[in-house]
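The values are calculated or read from the model by the stated rules, or taken from the named source; none is laboratory data. This structure is a prediction, so every number in the text was calculated from the model and none was measured. Cβ atoms come from the backbone with ideal geometry, glycine included; neighbour counts cover every protein chain shown. Quick note on the areas: whole protein, heavy atoms, side chains included, nothing else; ligands and nucleic acids left out. Shrake-Rupley method; radii C 1.70, N 1.55, O 1.52, S 1.80 Å.
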Amino acid sequence: MSVHWAPSERALARVAYRRRRRRRSFLVALASTVVVAVLAVVVLVGSPGWERAREAFFDPVEFVDVLPAVAQGLWLNLRVWVIAGVIAVVGGLLLAIARTTTAPALFPLRAVVTIYIDVFRGVPVLLVLLLVGFGLPALRLPWLPITAVFLGTLAIVLTYTAYLAEIFRAGIESVHPSQVAAARALGLTRGQTTRRVVVPQAVRAVTPALLNMIVALQKDSGLISILGAVDAIRAAEIAVTGSYNFTAYVAAGFLFLLISVPLTRLVDAYNARRGGRGSGRAMVGAIR
C-alpha cells in the first residue's frame with residue numbers, strides 16, 4: 001500500500017504568496033529601471049551640447065580606428081595587474097605576519113613594518129607613482145631598472161602591499177586564541193602554528209576583501225601612464241592628440257569595463273555564496 005504525499009492547503013498558499021511577491025518585485029524593478037533609463041536618455045539627449053559631445057566622445061568610426069591600439073595598451077595593463085597583484089598579496093601577507101608577531105626581539109621589525117604601512121596607506125597612489133617614477137631615477141643606481149613600466153609597477157606594489165597587509169592583519173587577529181593554544185598543545189611550533197592553523201583561517205576570512213582589492217588594482221594599473229608607459233590610457237592620449245576627438249578615452253574605458261565588470265560579478269557571487277552558506281540568495285539589504 002503506497003501513500004502519496006500531497007502538500008497541505010497552507011503550504012500551497014505559502015508557495016502562491018511567494019510566487020506573487022516575486023512577480024510583483026520583478027514588475028516593480030522593471031518599471032523603475034525603464035523610468036530611470038528614459039529619464040537618463042531624455043536628460044542626456046536633450047542637453048544643449050549633446051550633438052557636439054556625441055561627435056567628440058561617441059564617434060563610431062573613430063572608436064573602431066583606435067580600438068586596436070588601445071587594446072594593445074590594455075595588454076600591458078593586464079601584465080602589470082597580474083605581476084603587481086601576486087607580489088602585493090605575498091608581500092602583504094608577510095608584512096601582516098611580521099606586524100602581528102609578539103616576540104620582544106622582533107620589535108624593530110614590527111616598528112619598521114608599521115611605519116611602512118602607515119606611510120604608504122596615507123599617501124595617495126598617484127603621489128607615490130610620481131615620487132617613485134621621478135625620484136628613484138635621480139639616484140642613478142646602476143642596478144635599478146628605470147623603465148616607466150618597472151617604476152610604475154613598483155609604486156603600485158608598494159601601495160597595495162600596505163593595504164593588503166592591513167587586510168591580512170585583520171584576518172590573523174580574527175583567529176580565536178584557542179586555535180593557537182590547541183595547536184601548541186598538540187606540539188606544533190610557533191612557525192607551524194602560523195603556517196598550518198592561523199594563516200589558512202585568516203586568508204579564508206578576508207578573501208572577499210582581498211578580491212575587492214585585486215579588482216581595484218586592475219583599475220589602478222592604468223595610472224602607470226603618467227610615467228610615460230604606453231598602456232591603454234596612454235594609447236588613448238596619443239590617439240586624441242591632434243584629432244581632438246575623445247572617443248579613444250571612451251574606448252579605453254569600455255575595455256577596462258570588459259574586465260572589471262565580470263570580475264566584480266564573480267566577487268559578488270563568491271560573497272553571496274559565502275553569506276548564504278548554501279541556503280540560497282541572501283535576504284539582507286539596507287532598504288527592503
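Some observations on this one:
- Annotation: of all residues in segment 222-250 being at pLDDT 90 or above and closer than 30 Å to G171 by Cβ, the one that is most open to solvent (accessible area, probe 1.4 Å) is L223.
- W81 being in a helix (DSSP H, G or I), open to solvent by 50 Å² or more (accessible area, probe 1.4 Å) and among the aromatic types (F, W, Y): no
- Exactly one residue out of V149, V128 is under 28 Å from R99 (Cα atoms) and either in contact with a His (Cβ under 6 Å, 6 or more places away or on another chain) or part of a helix (DSSP H, G or I) (or both): that is V128.
- Boolean, I97 is at pLDDT 95 or above, assigned to a helix (DSSP H, G or I) and of a type in the set (V, I, T): no
- Any hit, segment 2-16, residues being out of contact with any Phe, Trp or Tyr (no Cβ under 8 Å at 6 or more places or on another chain), acidic (D, E), part of a helix (DSSP H, G or I) and exposed (fewer than 10 other Cβ atoms within 10 Å of the Cβ): yes
- Meeting the requirement of 3 or more residues that are of a type in the set (D, E, K, R), the helices (runs of 4 or more DSSP H) wholly within segment 156-236 are 199-220.
- Being open to solvent by 20 Å² or more (accessible area, probe 1.4 Å), touching a residue at least 12 places away in the same chain (Cβ under 8 Å) and farther than 30 Å from L258 by Cβ is a condition met by at least one residue of segment 205-219.
- Sub-7 Å Cβ pairs linking a first residue in segment 165-193 that is surrounded by fewer than 16 Cβ atoms within 10 Å (Cβ to Cβ) to a second residue that is not hydrophobic (A, V, I, L, M, F, W, C), at least 6 apart or interchain, are E173/T100; Q179/Q201; R184/T193, ordered by first then second residue.
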